[in-house]
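Participant: Quick one: the structure is below, questions incoming.
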Amino acid sequence: MIEDQSWTARGACVDACPDDLFVEGAAQRAVVDLCAGCPVQLDCLVDALDHKVLFGVWGGMTERQRRALLRSRPDVTSWRAEIEADPTLVPDPGYRPRPVPGRSWSR
């Protein structure tokens with residue numbers, strides 16, 4: 001089955017440099033901030049969780065957050081259904097972390 005990945009063209013990060021999205025430590029806060037207003041945040045997160053993507057910020061969650069979630073529920077087969085059934089599994093999309101000085105996101 002071929003998955004529909006057309007949502008990627010509508011992401012808030014579509015014009016961002018990939019090196020800016022796959023960062024470590026405190027720099028991840030700026031990426032999470034970018035995700036907070038993204039129209040495809042859920043699609044992005046579900047894709048990362050379903051495919052067990054290990055690196056980068058996806059759908060507003062850091063790699064550490066996603067690993068913890070994956071470990072806590074190893075038998076999940078559809079993360080979309082899981083998150084829609086229990087939205088508290090993921091950080092509040094309205095949460096706006098502090099920006100990282102010197103980092104800006106232009107489109």
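Since every read-out is calculated from the coordinates, none of them should be taken as a lab result. Note that the structure is a prediction, hence the values are computed from the model and not measured. Neighbour counts run over all protein chains shown; Cβ positions are idealised from the backbone, glycine included.
Participant: Principal axis extents for region 18-58, Cα atoms only, whole Å, descending order, please.
Facilitator: For region 18-58, the Cα extents along the three principal axes come out at 25, 22, 15 Å.
Participant: Then there's this: So for 14, 23, fewest C-beta neighbours within 10 Å to most, what's the order? Could the numbers behind the result be given before it?
Facilitator: Values: 14 11, 23 18.
Lowest to highest Cβ neighbour count: 14, 23.
Participant: Show me, bin by bin at 5 Å from 0, the whole-percent P(r) of region 15-88 based on Cα pairs.
Facilitator: All Cα pairs, binned at 5 Å, distribute as 3, 17, 28, 27, 15, 8, 2 percent.
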